[in-house]
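The values are calculated or read from the model by the stated rules, or taken from the named source; none is laboratory data. All values reported here derive from a predicted model rather than from experimental measurement. Note that each Cβ is placed from the backbone with ideal geometry, even for glycine, and that neighbours are counted across all protein chains shown. Areas reflect the complete protein model, heavy atoms only, side chains present, ligands, DNA and RNA absent. Shrake-Rupley method; radii C 1.70, N 1.55, O 1.52, S 1.80 Å.
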Amino acid sequence: MYKKEYMEKGNMPLYLYGYGSYGMTINTLFSYRNISYLDRGLCFAIAHVRGGGFLGRTWYENGRLEHKMNTFTDFNACAIYMKSLNYIDSTNVICEGRSAGGLLAGAMVSLYPETFTTVIMGVPFTDVLNTMSDSTIPLTIEEWTQWGNPNILTDFNRMKEYCPYTNLQSNNFPNVYITTGYHDPRVQYWEGLKFIAKLREFDKGNKKHIIEIQMGQGHFGNAGRYKSIIEKSKAIAFIIANLYK
């Protein structure tokens, strides 16, 4: 989705959104939240990667457990393809993911730091190995059907390959903006906090790495008529502030 006048000029920054878990499909519905991007010349796209349900049950099965790495390689491949198009500015590519999509976005930072210039991560599941190893967390055992059981060595090794927190190493990273909720029962706020701390430690560049722990928020963002809009506006501001830098 883009504004025609910018498409004709070419060189549009890309905003790529993804999820890729639980067999869920990000529907291609109109959202007023994307208008600010379009008005500023960005192209908005959704990557329907394996692990989601865009092409049915098989598409989901090929992106979980022993096939989970497909989710991340698919998303990176989508970004690289989009960057090759003559109307996209390959030097300004942004991605976003929330929750399990935050795992996807976090894996982009860790595994493919050269692909994106800015990454937005909402309530991100970044500390996969440690969280899935703690069976006292109410949702952990149920989640083993999605990611694997780290008490099994083969599962542990597979999860270690993509766990965003585990795979952070010294590198030049993109700009990263993380939001977490202090009252989030699904993804604890310290996952994003640990990730941003390690990211700052290992970053060899001079990009911006910001986290906001929202003290009144749960997993699904701020409640109220305007708070969710304010939350979105901060992400938009972060993206715009870091374009063409």
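Do we find a residue being farther than 30 Å from residue 157 by Cα, open to solvent by less than 10 Å² (accessible area, probe 1.4 Å), part of a loop (DSSP other than H, G, I, E, B) and not polar (S, T, N, Q) anywhere in the stretch 37-47? Taking every residue of the stretch 37-47 in turn, at least one turns out to be farther than 30 Å from residue 157 by Cα, open to solvent by less than 10 Å² (accessible area, probe 1.4 Å), part of a loop (DSSP other than H, G, I, E, B) and not polar (S, T, N, Q). Restricting attention to the stretch 191-227, the residues being on the phi > 0 side of the Ramachandran plot and at pLDDT 95 or above number 0. For the stretch 122-140, the criterion of being crowded, with 17+ Cβ neighbours inside 10 Å, of a type in the set (D, E, K, R) and touching a Phe, Trp or Tyr at 6+ places or on another chain (Cβ under 9 Å) is satisfied by at least one residue.
Of the numbered criteria (1) in contact with a strand residue (DSSP E or B) (Cβ under 7 Å, 6 or more places away or on another chain); (2) closer than 22 Å to residue 190 by Cα, the one residue 127 fails is (1). Scanning the stretch 168-187 for residues that are buried (at least 16 other Cβ atoms within 10 Å of the Cβ) and either at pLDDT 95 or above or basic (Lys, Arg) (or both) turns up 168, 173, 174, 175, 176, 177, 178, 186. Residues in the stretch 51-100 that are surrounded by fewer than 21 Cβ atoms within 10 Å (Cβ to Cβ), hydrophobic (A, V, I, L, M, F, W, C) and more than 25 Å from residue 12 (Cβ to Cβ): 55, 59, 65, 69.
Condition check ((1) in contact (Cβ under 8 Å) with a residue 60 or more places away in the chain; (2) more than 17 Å from residue 17 (Cα to Cα); (3) part of a strand (DSSP E or B)) across all residues:
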site	(1), (2), (3)
73	no, no, no
78	yes, no, no
86	yes, yes, no
89	yes, no, yes
95	yes, no, yes
109	yes, no, no
124	yes, no, no
134	no, yes, no
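Residue 115 passes every criterion in (1) open to solvent by less than 50 Å² (accessible area, probe 1.4 Å); (2) at pLDDT below 95; (3) among the hydroxyl-bearing types (Ser, Thr, Tyr); (4) outside any helix (DSSP H, G or I) apart from (2). Residue under question is residue 190, and the condition is that it be surrounded by fewer than 17 Cβ atoms within 10 Å (Cβ to Cβ) and hydrophobic (A, V, I, L, M, F, W, C); does it hold? Taking the combined requirement at face value, the residue satisfies it. Out of the stretch 7-18, which residues are touching a strand residue (DSSP E or B) at 6+ places or on another chain (Cβ under 9 Å) and either farther than 19 Å from residue 120 by Cβ or surrounded by fewer than 18 Cβ atoms within 10 Å (Cβ to Cβ) (or both)? If the condition is that a residue be touching a strand residue (DSSP E or B) at 6+ places or on another chain (Cβ under 9 Å) and either farther than 19 Å from residue 120 by Cβ or surrounded by fewer than 18 Cβ atoms within 10 Å (Cβ to Cβ) (or both), then 7, 10, 11 are the ones that fit. Cβ-Cβ contacts under 8 Å between residues 6 or more apart (or on different chains), taken from a first residue in the stretch 209-227 that is among the β-branched types (Val, Ile, Thr) to a second residue that is at pLDDT 65 or above and open to solvent by 50 Å² or more (accessible area, probe 1.4 Å), are listed as 211/193; 213/182; 213/189; 213/193. For residue 128, the conditions (1) under 18 Å from residue 242 (Cβ atoms); (2) in contact with a helix residue (DSSP H, G or I) (Cβ under 6 Å, 6 or more places away or on another chain) all hold with the exception of (1).
Residues that are of a type in the set (A, V, I, L, M, F, W, C) and assigned to a loop (DSSP other than H, G, I, E, B) were ranked within the stretch 19-36; the one that is least open to solvent (accessible area, probe 1.4 Å) is 26.
Exactly one residue out of 20, 10 is within 16 Å of the chain's Cα centre (by Cα) and among the small types (Gly, Ala, Ser), and it is 20.
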